[in-house]
Ligand SMILES: [Zn+2]
């Protein structure tokens with residue numbers, strides 16, 4: 001499946017995708033880093049497919065890995081997990097849910113398998129806002145012969161979001177639609193006049209002002225919050241904005257993968273070595 005959503009399957013210099021490799025290739029590749037994409041299966045307004053998060057995260061993972069690989073990193077991209085936590089979208093049909101506890105078990109099992117094959121640097125690339133993996137990292141800390149890192153890709157561009165997009169996006173809005181236009185435009189539904197077959201993604205305000213202001217949180221029942229599951233206006237999305245976003249993600253994250261691949265796991269990993277006694281310091 002992933003192969004169909006890679007940026008260019010014919011391109012020569014690409015990081016290995018495990019699901020397209022054979023045993024001889026796996027034995028020869030000896031990767032240092034595993035990149036594990038996490039998507040979701042859920043509705044995205046009326047215009048984007050249920051696989052949107054998965055297709056996006058596969059595309060981002062491959063671009064990051066390709067760029068890092070060309071800069072010398074040794075990475076393998078694992079098959080994406082196509083399901084995430086969807087309890088709050090249960091009011092819509094076929095939003096397929098994995099409980100946080102199930103995802104914790106999946107991440108633990110993946111990490112154990114990878115560590116058994118000698119891969120001790122594991123990057124979880126999450127593309128679904130309903131997944132909250134930081135508690136998983138805390139729970140598994142110290143239990144694995146591997147180091148887990150987490151990237152929620154949509155948080156990486158938060159500081160420049162307004163420079164690319166016109167309106168705040170919660171779900172299936174301008175950002176996600178722009179990314180879809182850049183990565184899989186053929187699966188975006190349009191009305192007869194060529195406009196997106198989507199509503200305007202308006203959200204129903206909560207009766208409690210403190211919730212609307214973000215001071216108080218809850219797990220939002222999406223069928224009450226939205227009309228067709230879209231939260232955020234998608235109608236100003238463009239493929240160009242999507243490409244800007246992709247370029248920025250690669251620019252910001254590929255160097256990390258290169259550094260991670262080259263790093264040595266010692267007793268201070270991932271922190272810098274302290275100066276040994278007698279070594280010169282910048283103040284000397
Ligand atoms: Zn999404």
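For region 163-195, how many residues are in a strand (DSSP E or B) and buried (at least 20 other Cβ atoms within 10 Å of the Cβ)? Spell out how you get there, then give the answer.
Of region 163-195, the ones in a strand (DSSP E or B) are 171, 190.
From what's left, buried (at least 20 other Cβ atoms within 10 Å of the Cβ): 171.
So the count comes out to 1.
Pull up region 29-51, narrow it to residues that are under 22 Å from residue 63 (Cα atoms) and over 21 Å from the mean Cα position of the chain (by Cα), then point me to the one that is farthest from the ligand (Cβ to nearest atom).
Only one residue tops the list, namely 30.
In region 116-135, which residues are out of contact with any strand residue (DSSP E or B) (no Cβ under 8 Å at 6 or more places or on another chain) and more than 16 Å from the ligand (Cβ to nearest atom)? Don't jump to the end; show me each part of the working.
Narrowing region 116-135 to residues out of contact with any strand residue (DSSP E or B) (no Cβ under 8 Å at 6 or more places or on another chain): 116-118, 132, 135.
Selection gives 116, 117, 118, 135.
Name every residue in region 136-166 that is within 16 Å of the ligand (Cβ to nearest atom) and touching a residue at least 60 places away in the same chain (Cβ under 8 Å), in order of residue number.
Selection gives 151, 153, 156, 157, 165.
Among the listed residues 50, 83, which satisfies the condition of being out of contact with any helix residue (DSSP H, G or I) (no Cβ under 9 Å at 6 or more places or on another chain) and within 28 Å of residue 238 (Cα to Cα)?
50
Residue-by-condition table, conditions (1) modelled with pLDDT of 95 or more; (2) within 21 Å of residue 232 (Cβ to Cβ):
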{"residue": "29", "(1), (2)": "no, no"}
{"residue": "34", "(1), (2)": "yes, no"}
{"residue": "41", "(1), (2)": "yes, yes"}
{"residue": "74", "(1), (2)": "yes, no"}
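The values are calculated or read from the model by the stated rules, or taken from the named source; none is laboratory data. Fair warning: this is a prediction, and the values are worked out from it, not measured in the lab. Because the Cβ atoms are built from the backbone with ideal geometry, glycine has one as well, and the counts that use them run over all protein chains shown.
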